[in-house]
1. For ASP407, all conditions in the list (1) under 29 Å from ARG259 (Cα atoms); (2) of a type in the set (Asp, Glu); (3) open to solvent by 20 Å² or more (accessible area, probe 1.4 Å) hold save one; what is the number of the exception?
2. Limited to the stretch 134-148, what total is found for residues that are open to solvent by 10 Å² or more (accessible area, probe 1.4 Å) and under 27 Å from the mean Cα position of the chain (by Cα)?
3. Identify the residue in the stretch 91-121 that is closer than 28 Å to ARG240 by Cβ and surrounded by fewer than 16 Cβ atoms within 10 Å (Cβ to Cβ) and, among all such residues, is modelled with the highest pLDDT.
4. Residues to consider are THR76, THR6, THR2; find the one that is buried (at least 24 other Cβ atoms within 10 Å of the Cβ) and of a type in the set (Ser, Thr, Tyr).
5. Among the residues of the stretch 298-318 satisfying the criterion of being assigned to a helix (DSSP H, G or I) and touching a helix residue (DSSP H, G or I) at 6+ places or on another chain (Cβ under 8 Å), which is nearest to GLU271 (Cα to Cα)?
6. Among the residues of the stretch 338-354, how many are without any contact (Cβ under 8 Å) to a residue 40 or more places away in the chain, of a type outside the set (D, E, K, R) and open to solvent by 30 Å² or more (accessible area, probe 1.4 Å)?
7. VAL208 fails exactly one of the following numbered conditions: (1) crowded, with 21+ Cβ neighbours inside 10 Å; (2) closer than 21 Å to ALA312 by Cβ. What is the number of that condition?
8. What about ALA124, is it open to solvent by less than 60 Å² (accessible area, probe 1.4 Å), without any contact (Cβ under 8 Å) to a residue 12 or more places away in the chain, assigned to a helix (DSSP H, G or I) and over 30 Å from LEU413 (Cα atoms)?
Amino acid sequence: MTALNTAWSALGGDSALLARVSAVVREGALRARLPVRELARACAGACALAAAELGARRSGAGQVPAVRVDDGAVATAFVSERHLLLDGRAPVTFAPLSRFWRTADGWVRTHANYPHHRERLLGALGMPEDVAAVESALAERRALEVEEAVYASGGLAVALRTPQEWAAHGQGAAVARRPLVERERLDAARARVLPPLDGSPLLPAAGVRVLDLTRVIAGPVATRTLALLGADVLRVDAPRLPELPDQHADTGFGKRSARLDLTADRGLFEELLAAADVVVTGYRPGALDRFGLTPEALAERRPGLVVAQLSAWGAYGPWAGRRGFDSLVQVATGIAAVEGTPDRPGALPAQALDHGTGYLLAAGVLRALTEQSYEGGSRFVGLSLARTAAWLRDGIRPGVAEEAAYDGPEPWLAERDSPLGRLRYALPPVSFAGGPVDWARPPVPWGTSPARWA
């Protein structure tokens, strides 16, 4: 079974529709020891097919539009944050303290891009913000000791593990028992009737209101994709957790961005929820439960809702409550060991767990909307970076066919003016006949939109 077959099956899709998908395979795109290119192609292709399916359903078309997946477009989009230019300036991707460190018995990777994570890391280590001093101190400590000390302080650090060590870990075992995409019907709510589509290009998610409670890359990539497909996406962030400007610029296309305190402004949030069709969350499991944002609680207040949840490690197992990022999941699950050398860990050529999971999450939302149109019911869709990592590491066979060369990203880059300045950016890889080829709107400055639906 190809990676696309696996992804489409995990989404509950009709296998007969796979005949509508064709691919342009390009040698040299996303080179790695693991089959990253196959994963990326499958995730983008499944998302495009889910969009085409919903578009056909809403437009009354007799046949699902043809889907075309080009490795060049996919490879470019999977490193969109690296291709972004803001008035000619390259973005800042990783802070100095977000890196691999050699320890007394191995390696550990830290994540300190956000100020509060940097402060917690340094507090756990009892160190000033000095790379040389941190390097010297960590060289005398054991990797697992650092992992636990930093976690206890609320920071982010993960010891390097081999695939075998991760398989024997409680979280690795818990992840392996779960499906790639978790799907559930929450109730018997009446089918939500979306109006027929009328216009060109075909926008399968037109009129769908998406409440976006995500951060960093994977969740925002999912909602950026839904915005591409016509959804009204309102991203809502807590005022006390500012986003990294360059990261927001990359994943903010097509959306509006508001700040809202879920405690002080609870009434306003409930007004937004009352008119939402989809809620997407990307915080660690349990972090939003006190606000009544579990899938069941949301569906009770808004019957017929689609709730999509994303996490790093999964909402189960001993690490369910831990924070995580793509780079750390690569280290824990054995990917960094596979991609590295005996002397140093390695990394994938893209933050492929983030991007791949993001496109799968968007596909899950689109498929849920399609299924609702037939069967009704509030729906839940759940994914984790760790489960995507397990699929990449153990569940995808590398492809062998080569049809075209990958000579660089230029054909899949575009430029436009925006409220943030002149942007160079990667075009979306989700493509089907009659569908959109770019976002209708550029990103807006973080937190500057009113907290209301368009």
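The values are calculated or read from the model by the stated rules, or taken from the named source; none is laboratory data. Computed from a predicted structure; not experimentally measured. Neighbour counts run over all protein chains shown; Cβ positions are idealised from the backbone, glycine included. For accessibility, only protein heavy atoms count, side chains too; no ligands or nucleic acids. Shrake-Rupley method; radii C 1.70, N 1.55, O 1.52, S 1.80 Å.
1. Only one criterion is unmet by ASP407, namely (1).
2. Of the residues in the stretch 134-148, 1 are open to solvent by 10 Å² or more (accessible area, probe 1.4 Å) and under 27 Å from the mean Cα position of the chain (by Cα).
3. Initially, the stretch 91-121 is screened for residues closer than 28 Å to ARG240 by Cβ, giving 91-99, 109-121.
Then drop every residue that is not surrounded by fewer than 16 Cβ atoms within 10 Å (Cβ to Cβ), which leaves 92, 94, 96, 115-116, 119.
Details: VAL92: 81, PHE94: 80, PRO96: 88, PRO115: 87, HIS116: 86, GLU119: 91.
Among those residues, the one meeting the criterion is GLU119.
4. Values: THR6 fails: buried (at least 24 other Cβ atoms within 10 Å of the Cβ); THR2 fails: buried (at least 24 other Cβ atoms within 10 Å of the Cβ).
So the residue among THR76, THR6, THR2 that is buried (at least 24 other Cβ atoms within 10 Å of the Cβ) and of a type in the set (Ser, Thr, Tyr) is THR76.
5. Among them, the one singled out is ARG301.
6. 3
7. (2)
8. Considered against the rule, which asks whether it is open to solvent by less than 60 Å² (accessible area, probe 1.4 Å), without any contact (Cβ under 8 Å) to a residue 12 or more places away in the chain, assigned to a helix (DSSP H, G or I) and over 30 Å from LEU413 (Cα atoms), ALA124 comes out as no.
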